[in-house]
Amino acid sequence: MKARIAVIVMAALLLFYLVVMASRAVLFVTSGEAIGVVIGIALIVLPIIGVWALSREVMFGFRSERLMKLLEEQNELPLLDLPRRPSGRVIRADADAAFPEFRDAAEATPERWQAWARLGLAYDAAGDRKRARGAIRTAITLERPAK
């Protein structure tokens, strides 16, 4: 629930920023000076890129959350009962030792989104966020046609 609140707050702040920047952009563009026009266009384009990036992240979050709920409903959510540090983070060496099981499952059944989602969770437990996101994106792509 905290993550959803954070996303809502970030989206609201971004919207406020866009409104303020749009008003400033209009002032710069209507100034008539070349540098003012360039700054005005930048004030319009850069926030649009920010909105695009934020929307991709939010959609990724919603889709991956939905996949995890589906995994839980199908009783395929991996039980990563790995030893943890006092901070709550998984001990990396133990996560690395459990990882091959999930990798082998994804390689054996590359068409199953469940295997890729589980692999993504294993990557995440091992601390490899980039590969975790890639595996989850693959799971989202594979699951999407099943609708």
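Only the coordinates and a few stated rules stand behind these numbers; no lab work does. Since the structure is predicted, the reported quantities are computational estimates derived from the model, not experimental observations. Please note: Cβ atoms are built from the backbone with ideal geometry, for glycine as well, and neighbour counts cover all protein chains shown.
Structure summary
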item	result
At least 18 Å along the helix axis (C-alpha) and Kyte average at least 0.5, DSSP helices within the chain	2-29, 34-73
The stretch 1-80 versus the stretch 90-134: alpha-carbon centroid distance in Å	28 Å
Unit charges at the beta carbon, dipole of the chain: most positive-side option, Ile91, Ala25, Pro47	Ala25
Sparse-neighbour loop sites [GluC sites (Glu not before Pro); the stretch 72-147; at most 13 other C-beta within 10 Å; DSSP]	Glu76, Glu111
Projected label distance in nm at Lys69 and Arg56, using a 7 Å step from Cα toward the beta-carbon	2.5 nm
Around Leu82: net Lys/Arg minus Asp/Glu count, Cβ-Cβ under 11 Å	+1
Computed label-point distance, nm, for sites Thr141 and Leu27 using a 7 Å Cα→Cβ extension	4.5 nm
13 Å beta-carbon shell around Asp128, net charge (K/R +1, D/E -1)	+4
Relative contact order (percent, whole number), the stretch 2-73, Cα cutoff 8 Å, 6+ residue spacing	23 percent
Sorted peptide list for 136-142, 82-88, 2-8, criterion being average Cβ within 10 angstrom, highest first	136-142, 2-8, 82-88
20 °C / 1.002 mPa s Stokes-Einstein diffusion coefficient of the chain, Kirkwood radius on C-alpha pairs, µm²/s	118 µm²/s
Estimated inter-spin distance, Ile91 and Ala108, nm [label 7 Å along Cα→Cβ]	2.7 nm
Contact order normalised by residue count of the chain, Cα under 8 Å, 6+ apart, percent	15 percent
